[in-house]
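*Asks:* Handing you a structure now.
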Amino acid sequence: MTALTTISLPSLHKIASGKVRDLFSLPDPNALLFVASDRLSAFDVVMTNGIPNKGAILTLLSAHWFRVLSERIPHLRTHFITLDIPAGVSPDEASTIKNRSMQVRKLEVLKVEAIVRGYITGSAWQEYQAKGTVHGLAMPQGMQLCQKFPRAIYTPSTKADAGAHDENIHPDDAWKEIGDRETARKVEELALSIYNTAAAYALERGIIIADTKFEFARDAEGNIYLVDEVLTPDSSRFWPKDEYELGREQDSFDKQFIRNWLIKEGLKAKEGVTIPHDVCVATGERYKDVFRLLTGTKFEDAVQS
């Protein structure tokens, strides 16, 4: 099966194209269409090839999480409307976007990546080794690689424009990106609440959510919404609970497998990289594995015919 890396919908106007998703306008002025391609990005760079069905996995898993979180967190608002194909697209277009598109509310996206960390790994571990801090926050002495924090921590970053790189910021400075302190406080509280709820849900299903990234938006009344993809292998580190071992790197169900290959080959953050077929296949299988564990359904059975 070929990866779908370019989305063409002549019947709809394309508003924007991100690393993975394309955004289209809809006849309803209050709604938009998100379409997830099979494009693969790592270290803020898009690879030349993708992973077949990746966009569908991300979309259906996000839809699952929107439902689960809305059931467990009182008054949670999300941008998700439906997985239904919008009226007016051609049969060929409908076939292209089925299972990889969702209609969402049109909102003002907040300019911050709301990262929550439950365990110390990745760039957080590197900063801790050098300074004893994570995003400028003082951490307990003597922590080991992949150790659980005493409580989950909010470690936001900037939300860079296309072609630029996100930058880690101190939580106290997030309001400068968002625009006001009260909204920044609400985003932090909501991000931590969502993470803690999701982490407990996942742990019951054999998955540790080491860290994850959320995005939020607001409506004209200032209400905050959870938007974009949610708790997918693209936006989160998922570790198998039964293989977790303190003090070492963990196996994962996410694109860390891709990052590790890029680092090993000296290709981190390089443009024009093609990921080998076997690495793509192995990563795709990891995505399907975590989909099954988190949803209780095989990806192939979840796909809408």
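*Asks:* In this structure, is Glu215 closer than 22 Å to Thr121 by Cα and among the acidic types (Asp, Glu)?
*Replies:* Against the criterion (closer than 22 Å to Thr121 by Cα and among the acidic types (Asp, Glu)), Glu215 qualifies.
*Asks:* OK, next. Only one of (1) outside any helix (DSSP H, G or I); (2) out of contact with any Ser or Thr (no Cβ under 9 Å at 6 or more places or on another chain) is not met by Leu262, so which one is it?
*Replies:* With (1) outside any helix (DSSP H, G or I); (2) out of contact with any Ser or Thr (no Cβ under 9 Å at 6 or more places or on another chain) applied to Leu262, the lone miss is (1).
*Asks:* Could I ask something else about it? Among the residues of the range 222-237, is there at least one that is open to solvent by 70 Å² or more (accessible area, probe 1.4 Å) and in contact (Cβ under 8 Å) with a residue 12 or more places away in the chain?
*Replies:* Looking for residues that are open to solvent by 70 Å² or more (accessible area, probe 1.4 Å) and in contact (Cβ under 8 Å) with a residue 12 or more places away in the chain, one finds none in the range 222-237, hence no.
*Asks:* Determine which single condition Val273 fails, assuming it passes every other condition in (1) buried (at least 18 other Cβ atoms within 10 Å of the Cβ); (2) within 22 Å of Tyr119 (Cα to Cα).
*Replies:* Among (1) buried (at least 18 other Cβ atoms within 10 Å of the Cβ); (2) within 22 Å of Tyr119 (Cα to Cα), Val273 violates only (2).
*Asks:* Can you report the number of residues in the range 94-121 which are among the β-branched types (Val, Ile, Thr), open to solvent by less than 10 Å² (accessible area, probe 1.4 Å), farther than 18 Å from Arg185 by Cβ and outside any loop (DSSP other than H, G, I, E, B)?
*Replies:* Summing the residues that are among the β-branched types (Val, Ile, Thr), open to solvent by less than 10 Å² (accessible area, probe 1.4 Å), farther than 18 Å from Arg185 by Cβ and outside any loop (DSSP other than H, G, I, E, B) in the range 94-121 gives 2.
*Asks:* If Gly55 satisfies every condition in (1) under 27 Å from Val279 (Cα atoms); (2) open to solvent by 50 Å² or more (accessible area, probe 1.4 Å); (3) of a type outside the set (A, V, I, L, M) but one, which is the exception?
*Replies:* Checking Gly55 against (1) under 27 Å from Val279 (Cα atoms); (2) open to solvent by 50 Å² or more (accessible area, probe 1.4 Å); (3) of a type outside the set (A, V, I, L, M), the one that fails is (2).
*Asks:* Is there any pair linking a residue in the range 85-100 that is closer than 17 Å to Ser62 by Cβ to one that is among the hydroxyl-bearing types (Ser, Thr, Tyr) and in a helix (DSSP H, G or I), with Cβ under 8 Å and at least six apart or on different chains, and which?
*Replies:* What qualifies is Asn99/Thr59; Arg100/Thr59.
*Asks:* Output the qualifying pairs, or none if there are none: Cβ atoms under 6 angstrom, residues six or more apart or on different chains, first residue in the range 254-265 and touching a residue at least 24 places away in the same chain (Cβ under 8 Å), second residue open to solvent by less than 50 Å² (accessible area, probe 1.4 Å) and part of a helix (DSSP H, G or I).
*Replies:* Close Cβ pairs (under 6 Å, with a partner that is open to solvent by less than 50 Å² (accessible area, probe 1.4 Å) and part of a helix (DSSP H, G or I)) amount to Phe257/Thr283; Ile258/Thr283.
*Asks:* Still on this structure: What number goes with the only condition from (1) surrounded by 13 or more Cβ atoms within 10 Å (Cβ to Cβ); (2) over 14 Å from Lys213 (Cα atoms) that Pro150 does not pass?
*Replies:* That leaves (1) as the condition not met.
*Asks:* Would you be able to say whether some residue in the range 18-28 is within 30 Å of Leu267 (Cα to Cα), surrounded by fewer than 15 Cβ atoms within 10 Å (Cβ to Cβ) and among the small types (Gly, Ala, Ser)?
*Replies:* no
*Asks:* To continue, here is another question. Looking at (1) in a loop (DSSP other than H, G, I, E, B); (2) at pLDDT below 95, can you tell me which one Val281 breaks?
*Replies:* Only one criterion is unmet by Val281, namely (1).
*Asks:* While we're here: Out of the range 70-93, which residues are assigned to a loop (DSSP other than H, G, I, E, B), open to solvent by 50 Å² or more (accessible area, probe 1.4 Å) and over 23 Å from Arg39 (Cα atoms)?
*Replies:* Pro74, His75, Arg77, Ala87, Gly88
*Asks:* Going through Thr158, Thr183 one at a time, which residue ends up being under 16 Å from the mean Cα position of the chain (by Cα) and of a type in the set (S, T, N, Q)?
*Replies:* Thr158
Quick grid of which residues meet (1) within 29 Å of Lys98 (Cβ to Cβ); (2) in contact with a Gly (Cβ under 9 Å, 6 or more places away or on another chain); (3) open to solvent by less than 30 Å² (accessible area, probe 1.4 Å):
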site	(1), (2), (3)
Leu203	no, no, no
Ile208	no, yes, yes
Phe216	yes, no, yes
Glu243	no, no, no
Val281	yes, no, no
Glu285	yes, no, no
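The values are calculated or read from the model by the stated rules, or taken from the named source; none is laboratory data. The structure displayed is predicted, hence computed values, not measured ones. Here the Cβ is made from the backbone with ideal geometry for all residues, glycine too, and neighbour counts use every protein chain on show. Heavy atoms of the whole protein, side chains included, go into the accessibility calculation; ligands, DNA and RNA do not. Shrake-Rupley method; radii C 1.70, N 1.55, O 1.52, S 1.80 Å.
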